[in-house]
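The values are calculated or read from the model by the stated rules, or taken from the named source; none is laboratory data. The model shown is predicted, which means the values in this text are computed figures rather than measured ones. Glycine also receives a Cβ, built like all others from the backbone with ideal geometry; neighbour counts cover every protein chain displayed. Just so you know, the surface numbers come from the protein's heavy atoms only, side chains and all, with ligands and any DNA or RNA stripped out. Shrake-Rupley method; radii C 1.70, N 1.55, O 1.52, S 1.80 Å.
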Amino acid sequence: MAVFVALGAFLMTLAGGWTAQRVTDRRHLVLGLAGGLMLGVVGLDLLPEALHAAGREVFGVPAALLLFVAGFLLAHLVERLLAARQAAHGGAEAHDHRAPEVGLTAAAAMVGHSAMDGVAIGAAFQVGGGMGAAVALAVIAHDFADGFNTFTLTRLYGNERRKALAMLFADALAPLVGAASTAFVSIPEWFLGGYLGLFGGVLLYLAAAEILPEAHHEHPARSTLLCTVAGVAFIWLVVGLAA
């Protein structure tokens with residue numbers, strides 16, 4: 001049942017990626033929406049779940065928040081190191097000083113997150129059918145945003161379309177793999193909470209430092225801002241319906 005439900009996540013992820021491809025003539029709106037979706041996922045979905053799952057504190061600060069900050073700093077460090085290396089080889093200007101490896105790394109993190117979504121579906125169905133249905137609804141709904149962001153991130157950093165499509169299909173398959181794995185392995189809740197905190201920090205950096213500034217760089221339009229707000233509102237709606 002968990003794997004069957006994960007098929008819905010597979011299709012929704014592909015739908016999100018397809019949408020991101022079809023609206024490339026409105027790139028600033030795509031980036032504005034992607035930034036809003038990522039901000040909403042971090043603030044309204046990942047962080048609350050991470051704080052709940054990780055539990056314990058380290059020197060007076062929740063472990064999930066420490067990992068959240070670490071994820072933000074890690075993303076910044078990786079991007080700076082890759083950009084510096086690319087500049088040293090004379091290739092930075094080809095992609096507006098963005099290293100394609102950063103886009104692939106971010107997309108790979110999205111794939112890992114989608115695999116964890118599949119694990120969550122499988123674990124919830126082990127608890128009970130009602131719990132499984134609630135978790136599945138949340139996962140399927142926000143996997144549209146995952147597919148949208150995976151394709152957008154990969155392309156934003158100058159990667160070829162075929163690489164973006166490859167990462168999109170990997171992201172779509174990940175929930176199926178994650179759901180199937182729950183028949184053989186169980187992931188500790190504290191580990192899942194720590195991972196969500198770290199991943200949330202990475203996403204926030206990409207949204208705040210890269211995607212939203214790029215969205216408003218050439219087209220500082222009111223419609224771009226409205227797309228960002230709509231992205232946050234969509235995630236809020238998804239979280240509220242799944243609660």
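With the structure loaded, tell me whether residue 97 is open to solvent by 70 Å² or more (accessible area, probe 1.4 Å), at pLDDT below 90 and within 22 Å of residue 211 (Cβ to Cβ) or whether it fails that test.
Details: open to solvent by 70 Å² or more (accessible area, probe 1.4 Å): yes; at pLDDT below 90: yes; within 22 Å of residue 211 (Cβ to Cβ): yes.
Taking the combined requirement at face value, the residue satisfies it.
Going by the conditions given, is residue 10 closer than 23 Å to residue 170 by Cα and open to solvent by 70 Å² or more (accessible area, probe 1.4 Å)? Answer is no for this residue.
Residues are listed down the side, and each one gets a yes or a no for (1) in contact (Cβ under 8 Å) with a residue 60 or more places away in the chain; (2) part of a loop (DSSP other than H, G, I, E, B); (3) open to solvent by less than 50 Å² (accessible area, probe 1.4 Å):
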| site | (1), (2), (3) |
| --- | --- |
| 184 | no, yes, no |
| 190 | yes, no, no |
| 199 | yes, no, yes |
| 204 | yes, no, yes |
| 209 | yes, no, yes |
| 213 | no, no, no |
| 228 | yes, no, yes |
| 231 | yes, no, yes |
| 234 | yes, no, no |
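Among the conditions (1) at pLDDT below 80; (2) within 17 Å of residue 202 (Cα to Cα); (3) not acidic (Asp, Glu), the only one that residue 111 does not satisfy is (1). Can residue 195 be described as more than 24 Å from residue 158 (Cβ to Cβ) and open to solvent by 10 Å² or more (accessible area, probe 1.4 Å)? Considered against the rule, which asks whether it is more than 24 Å from residue 158 (Cβ to Cβ) and open to solvent by 10 Å² or more (accessible area, probe 1.4 Å), residue 195 comes out as yes.
Within the stretch 45-85, being β-branched (Val, Ile, Thr) and either more than 19 Å from the chain's Cα centre (by Cα) or at pLDDT 90 or above (or both) holds for 58, 61, 69. The condition of being closer than 23 Å to residue 152 by Cα, buried (at least 18 other Cβ atoms within 10 Å of the Cβ) and at pLDDT below 85 holds for only one of 3, 30, 42, 23, that being 30. Screening residue 159 on (1) part of a loop (DSSP other than H, G, I, E, B); (2) at pLDDT below 85 shows it passes everything except condition (2).
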